[in-house]
Amino acid sequence: MPKVAMITGGNRGIGLGISERLLDEGYAVSILATREEPADVMGALRERGEAIYVRGSVAELDDHARYVDATLEAFGRIDVLVNNAGVAPSVRDDILVATPESYDRVMDINLRGPYFLTQRVAAAMIEARGELTGLPEAPVGTIVNVSSISATVVSTNRGEYCLSKAGGAMATQLWAARLAPEGIVVYEVRPGVIATDMTSGVKEKYDALFAGGLAPMPRWGRPSDVAGAVAQLVAGQMPYSTGDVVNVDGGMHIARL
């Protein structure tokens, strides 16, 4: 059996790029997403390799159980979890007027959901691994949290998003520390401005910012850029590293004068 990657939100945007890349790398892929299964997208993915689609929300804990069970039923193993699914606020409100409803929605999907999905998947990985007699030479599982440059960069018109990503960065550190003795490594990929549905409404804004020197690499990021970083992290080539952050932002994180 090929190695198996669970990818939340793996049917569009950054997640789709990750699904495509990992299928090309020989993984089987299990996708969780809220929409009805997109026949065209899944047909194209299945031309690349083995892929299943589970309809559900990362915000719903009952859906986590269905997702893990469906993945194990289809493939019999879980090697990788990519916590990719996430949302921006429905309305970009100044933090002086942002609503509790928007805050709760973003936090449930971006922070609470991935936290408890990680808990369930890690438990499944540990159960499948069996008893350890010593730390394995190669990781028995890899978890990648797709975060955002907003974990450290302030946007006062989407404070709940920034907080969710900052919390996700801490979750990466927590899970990395707890799961290291179990032979499971955890990483964070931190994209910058990536061309997806989520950013399509602010294209003119960021076109101008890139032209004005927003990043040393003066272009939009692509889902394939993020997918490449994920593929490297799950390859098992860094068995003595965990908790690391990989920036995929064209150098935006570099402090410059």
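Kindly check whether there is at least one residue in region 159-182 that is in a loop (DSSP other than H, G, I, E, B) and either out of contact with any Asp or Glu (no Cβ under 7 Å at 6 or more places or on another chain) or among the charged types (D, E, K, R) (or both).
Our first condition is that a residue be in a loop (DSSP other than H, G, I, E, B); within region 159-182, this holds for none.
Checked region 159-182: no residue is in a loop (DSSP other than H, G, I, E, B) and either out of contact with any Asp or Glu (no Cβ under 7 Å at 6 or more places or on another chain) or among the charged types (D, E, K, R) (or both).
In region 107-136, the residues that are within 27 Å of Arg158 (Cβ to Cβ) and among the small types (Gly, Ala, Ser) reach residues that are modelled with pLDDT of 95 or more and open to solvent by less than 30 Å² (accessible area, probe 1.4 Å) with C-beta atoms within less than 7 angstrom, at least six apart or across chains, in these pairs: Gly113/Val58; Gly113/Ala59. Of the residues making up region 41-51, those that are without any contact (Cβ under 8 Å) to a residue 24 or more places away in the chain and aliphatic (A, V, I, L, M) number 1. Exactly one residue out of Gly56, Gly49, Gly43 is touching an Asp or Glu at 6+ places or on another chain (Cβ under 6 Å) and more than 18 Å from Asn145 (Cβ to Cβ), and it is Gly56.
Screening Gly159 on (1) surrounded by fewer than 14 Cβ atoms within 10 Å (Cβ to Cβ); (2) in contact with a helix residue (DSSP H, G or I) (Cβ under 9 Å, 6 or more places away or on another chain) shows it passes everything except condition (1). State whether one or more residues within region 162-171 are without any contact (Cβ under 8 Å) to a residue 12 or more places away in the chain and over 14 Å from the mean Cα position of the chain (by Cα). There is at least one residue in region 162-171 that is without any contact (Cβ under 8 Å) to a residue 12 or more places away in the chain and over 14 Å from the mean Cα position of the chain (by Cα). Taken together, the residues in region 24-51 that are touching a Leu at 6+ places or on another chain (Cβ under 7 Å) and of a type in the set (D, E, K, R) amount to 1.
Restricting Ala39, Ala85, Ala65 to those that are out of contact with any Phe, Trp or Tyr (no Cβ under 8 Å at 6 or more places or on another chain) and open to solvent by 30 Å² or more (accessible area, probe 1.4 Å) reduces the list to Ala39. For Arg120, the criteria (1) in a helix (DSSP H, G or I); (2) in contact with a strand residue (DSSP E or B) (Cβ under 9 Å, 6 or more places away or on another chain) hold in every case but one, which is (2). Filtering region 1-40 to residues that are closer than 16 Å to Val146 by Cα, of a type in the set (Val, Ile, Thr) and free of Cβ contacts under 8 Å to residues at least 60 places away in the same chain leaves only Ile31. When region 104-123 is examined, which residues are found to be over 14 Å from the mean Cα position of the chain (by Cα), crowded, with 18+ Cβ neighbours inside 10 Å and farther than 24 Å from Arg21 by Cα? Val106, the sole residue that qualifies.
Per this entry, Glu188 is not counted among residues that are loosely packed, with under 12 Cβ neighbours inside 10 Å and either touching a Ser or Thr at 6+ places or on another chain (Cβ under 6 Å) or farther than 24 Å from Arg120 by Cβ (or both). When Gly213, Gly221, Gly236, Gly251 are checked against the criterion of being under 16 Å from Val146 (Cα atoms) and either of a type outside the set (Val, Ile, Thr) or touching a His at 6+ places or on another chain (Cβ under 8 Å) (or both), Gly221 stands alone in meeting it.
Looking for whichever is more than 30 Å from Gly192 (Cβ to Cβ) and of a type in the set (D, E, K, R) here; the options are Glu20, Glu60, Glu36. Which one fits? Break it down stepwise before answering.
Numbers: Glu20 fails: more than 30 Å from Gly192 (Cβ to Cβ); Glu60 fails: more than 30 Å from Gly192 (Cβ to Cβ).
Matching residue, one of Glu20, Glu60, Glu36: Glu36.
For the condition in a helix (DSSP H, G or I), more than 28 Å from Ala123 (Cβ to Cβ) and not charged (D, E, K, R), Gly201 qualifies. The set of residues from region 42-62 being open to solvent by 40 Å² or more (accessible area, probe 1.4 Å) and hydrophobic (A, V, I, L, M, F, W, C) comprises Ala44, Leu61.
The values are calculated or read from the model by the stated rules, or taken from the named source; none is laboratory data. Fair warning: this is a prediction, and the values are worked out from it, not measured in the lab. As a convention, Cβ positions derive from the backbone with ideal geometry for all residues, glycine included, and neighbour counts pool all protein chains shown. Quick note on the areas: whole protein, heavy atoms, side chains included, nothing else; ligands and nucleic acids left out. Shrake-Rupley method; radii C 1.70, N 1.55, O 1.52, S 1.80 Å.
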